[in-house]
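The values are calculated or read from the model by the stated rules, or taken from the named source; none is laboratory data. The structure displayed is predicted, hence computed values, not measured ones. No Cβ is skipped: glycine too gets one built from the backbone with ideal geometry, and neighbour counts run over all protein chains shown.
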Amino acid sequence: MDFLNELNKSQLEAVTYTDGPSLVIAGAGSGKTRVLTYKIAYLLTQGVSPASILALTFTNKAAREMRRRIGELVGFQTSRYLWMGTFHAIFSRILRNEASLIGYTKDFTIYDTSDSKSLIKSIIKEMKLDDKIYKPGNIHSRISSAKNNLYTAQDYVKNPDFLKSDIQSRIPRTGEIYAIYANRCKQANAMDFDDLLLQTNILFRDHPQILAKYQHSFAYILVDEYQDTNFAQYLIVKKLAERHERICVVGDDAQSIYSFRGANIDNILKFQQTYRNARLFKLEQNYRSTKNIVKAANSLIDKNSEQIRKNIFSEKEEGNLIQVTSVLTDFEEAFNVANSIARLQKTENLTYSHIAVLYRTNSQSRVMEEALRKQNIPYRIYGGLSFYQRKEIKDVISYFRLVTNSNDEEALKRVINYPARGIGDVTVDKLSSTAQLHGVSIWSVLHDMLKYNLNVNAGTATRLAQFRDMIDVFAAQIDTLDAYELADSIVKTTGVIADAMNDRSAESLSRVDNVQELLKAIHEFSENKRKEEHAETVTLTDFLSEVSLLTDQDTEKDENEDKVTLMTIHAAKGLEFRCVFIVGMEEQLFPSPYAETPREMEEERRLFYVAITRAEENCFISYSKSRFRNGQTNFANPSRFLKDIDRKFLEYNDEVSTTTDKNAFFNRWDDEVEIERNRFRQNSFRPASSEPLKEPAQPRKLKKMSPSTESETPVENTNLPVGTFVKHGIFGIGKVIKTTLADGNEKAEIDFGEKGVKSLLLKFARLEILK
DNA sequence: TGTGGATGCCTTTTT
DNA sequence: GGCATCCACA
């Protein structure tokens, strides 16, 4: 047990306390993973059987990494028997084992979010509701959050609160949709992501002997990132831990940033109320960052009221102050960052992979990419379309799904006419409504078209039968043929990518590549499983049961290349970089305008906390006066969160353009923007170093009016009659007193009160009309 | 049954 | 501005 020497006092205490429930509050960079892995290793060396340890994480990556590290400590022959994985992976495994008890078969499909939405959309259509009002995405998130809080469809329709809220939102029939959705999932032998947790709860609730079995078998339960658990997860863990009460949860309330996915920070805040005899361990030494960064982050998070107080400290050097830079435009911000990266990389003994650029929203990546490309700085961008979301991959996998589970309605709808085989929407609708009428799956209808009186012409019937028979041939081989061979045969026979194969365009080539990649992955999966588990045949069903729970982070390949990392702050949680740039530190962006309640605002602040604490040595923050977003230029003030950091940890840079490639930069700008730049300068609209954050009396957001292009008849006349009140970026609120036409340009005289009467060209002035 | 032009919409997303 | 989606048309 030499490895215990590597722990500090509080880590050691947390690791060796195994008699009852414990809560480990692990500050950023405090060695959380180390505590978890060592604790499990410690249990194993104490003679606890690996199969009686359940360790739950939120990502496959975290689980894999932890298993690997435990394996290094105690041997891989031991670590492989641990029940270690994501909530979803572990409980889908248990649900497959017990499927028959809850009306499923063990090869049930897992619907991903787009399957769920598409099914909901069909239901809305079938109910003859307007999908502009009943937006599938919105309905899905309501259902999802109901499930996360363990309300079944029956609970939902019975609950007057839901109905009241749905009526208020003008979608009173949401409950009905939920009920139908649940039925259809069941009929399709499919579970969505939320079902994996909901159905587990139902299983445990309705089958006490099953619960008892798992309670008995899991002598120790450990949960990582406990601050991100939702109610469904909380209850599963609580139920499972009831017998032994040997549960250890690890997390950091200050890093709870997933409430929008149902995570409930109360789970961690109130852990000690749930488990009265729980021990609390606080890991407060930060091994990652310099003193300055840690203190700055502390001073920020201190402004939150809901938290477990802790004293995070660093023993590393004082380090550099956090650099805060203000710029005029988002382009300039991006070029500044690119320049700084180039400089750091040359002078500071940093490689690109030590550097990350973090932002609040994915859309901010574009301008950043552009700047990095111009400077020839290699980067890797996270987020965006995942491998498994790509059309060609979804198509191929849908065939696999249909072969494995022919009741999978979403898969069937996706491939029944892809590639085109003369089965159109009309036919699919007939199939679907016939199936609904008889309460069976579409597949059942296909198998007995006569019995169900499917009203199609002979040609269509033949084509349907051909499709059905093709799938049946594959299905007959599902248990005997190797996953890769069957997959390969499906891809070839169905011709899913035949059109791409015949096409030489870059897009088609990449589609073919992606499918090859998928086949390769199946091959590897099958080989590995054969080797590791001495399985005789690895079937496509085996592969599918894992693949639906995989994400892009599990398929990252170029991790070792020297590139700058670009990602959202959410995606950066758990990572660390010597140097971190946080861009777009502006009101209306960060905090997100969607954060309305104090609780949501605190979550945004935690998100900023997460961003800062990613940095080991250097942290650069920037904000821009203007930003091009959603097709228009918006003006913004510095983020309120900057004021939450103690001034003494920051250094403000009053940056004017440091852009080297001025031409490239200005080419992006038309006269209009030039004028705005000058206005800013004239108005000294820059934070002086002494008073960096004095907010200018300026409206937060200004919507540009549609620019009047030459050919168009100006509409401003109708929009801007005399007497209209408008808002201007610099002058504030004013009243239109006169409109004229000069050289074909609309001009308005506007009285801005104290600021005087201004004559503005509407083409240039960004005015917001106040109603 | 496939395409194109108009329309609408935009946060974060470990599973 | 960019993307997905939808309806109108050939």
Got a sec? Which of A:303, A:238 is part of a loop (DSSP other than H, G, I, E, B), surrounded by fewer than 17 Cβ atoms within 10 Å (Cβ to Cβ), among the charged types (D, E, K, R) and in contact with a Phe, Trp or Tyr (Cβ under 9 Å, 6 or more places away or on another chain)?
A:303
Please pick out the residue among A:214, A:181 that is at pLDDT 95 or above and not in a strand (DSSP E or B).
A:214
Verdict on residue A:135 being within 25 Å of the chain's Cα centre (by Cα) and without any contact (Cβ under 8 Å) to a residue 40 or more places away in the chain
yes
Verdict on residue A:423 being among the β-branched types (Val, Ile, Thr), within 22 Å of residue A:465 (Cβ to Cβ), more than 16 Å from DNA strand C (Cβ to nearest atom) and out of contact with any Asp or Glu (no Cβ under 6 Å at 6 or more places or on another chain):
yes
Top-ranked residue of segment A:630-639 - restricted to ones that are more than 16 Å from DNA strand B (Cβ to nearest atom) and in a strand (DSSP E or B), ranked as nearest to residue A:29 (Cα to Cα):
A:638
Residue check, residue A:589 against (1) within 16 Å of DNA strand C (Cβ to nearest atom); (2) in contact with a Cys (Cβ under 9 Å, 6 or more places away or on another chain); (3) hydrophobic (A, V, I, L, M, F, W, C), all met but one. Which one?
(2)
Which residue pairs have Cβ atoms under 7 Å apart, sit 6 or more places apart or on different chains, and have a first residue in segment A:256-269 that is at negative phi and in contact (Cβ under 8 Å) with a residue 60 or more places away in the chain and a second that is in a helix (DSSP H, G or I) and among the aromatic types (Phe, Trp, Tyr)?
A:268/A:226
Checking residue A:575 against (1) surrounded by 17 or more Cβ atoms within 10 Å (Cβ to Cβ); (2) touching a residue at least 24 places away in the same chain (Cβ under 8 Å), which test does it fail?
(1)
Output yes when any residue across segment A:610-629 is part of a loop (DSSP other than H, G, I, E, B) and either at pLDDT below 95 or within 10 Å of DNA strand B (Cβ to nearest atom) (or both), and no when none is.
no
Do we have residue A:81 as away from DNA strand C (no atom under 16 Å from the Cβ), under 29 Å from residue A:40 (Cβ atoms), of a type in the set (Ser, Thr, Tyr) and not in a helix (DSSP H, G or I) here?
yes
Give segment A:147-178 a look and list any residue that's in a helix (DSSP H, G or I) and either in contact (Cβ under 8 Å) with a residue 60 or more places away in the chain or within 15 Å of DNA strand B (Cβ to nearest atom) (or both), or say none.
A:147, A:148
Conditions (1) within 14 Å of DNA strand B (Cβ to nearest atom); (2) in contact with a strand residue (DSSP E or B) (Cβ under 7 Å, 6 or more places away or on another chain); (3) charged (D, E, K, R); number of the one not met by residue A:408:
(1)
Which of the residues spanning segment A:98-128 are out of contact with any strand residue (DSSP E or B) (no Cβ under 8 Å at 6 or more places or on another chain), within 16 Å of DNA strand B (Cβ to nearest atom) and among the aliphatic types (A, V, I, L, M)?
A:120, A:124
Any residue at all in segment A:51-73 that is at pLDDT below 90 and within 16 Å of DNA strand C (Cβ to nearest atom)?
no
Give A:607, A:589, A:642 a once-over and let me know the one that is assigned to a helix (DSSP H, G or I) and within 11 Å of DNA strand B (Cβ to nearest atom).
A:607
Unique residue being in a loop (DSSP other than H, G, I, E, B), surrounded by 14 or more Cβ atoms within 10 Å (Cβ to Cβ) and under 38 Å from the mean Cα position of the chain (by Cα) when the list is A:478, A:471:
A:478
Return yes when residue A:95 is surrounded by 15 or more Cβ atoms within 10 Å (Cβ to Cβ) and within 13 Å of DNA strand B (Cβ to nearest atom) and no when it is not.
yes
Cβ-Cβ below 9 Å, separation at least six or inter-chain, first residue in segment A:411-434 and modelled with pLDDT of 85 or more and basic (Lys, Arg), second part of a loop (DSSP other than H, G, I, E, B) and crowded, with 16+ Cβ neighbours inside 10 Å: which pairs?
A:430/A:454; A:430/A:456
Tell me which residues, restricted to segment A:309-333, are assigned to a loop (DSSP other than H, G, I, E, B) and surrounded by fewer than 20 Cβ atoms within 10 Å (Cβ to Cβ).
A:309, A:310, A:311, A:315, A:316, A:317, A:318, A:320, A:321
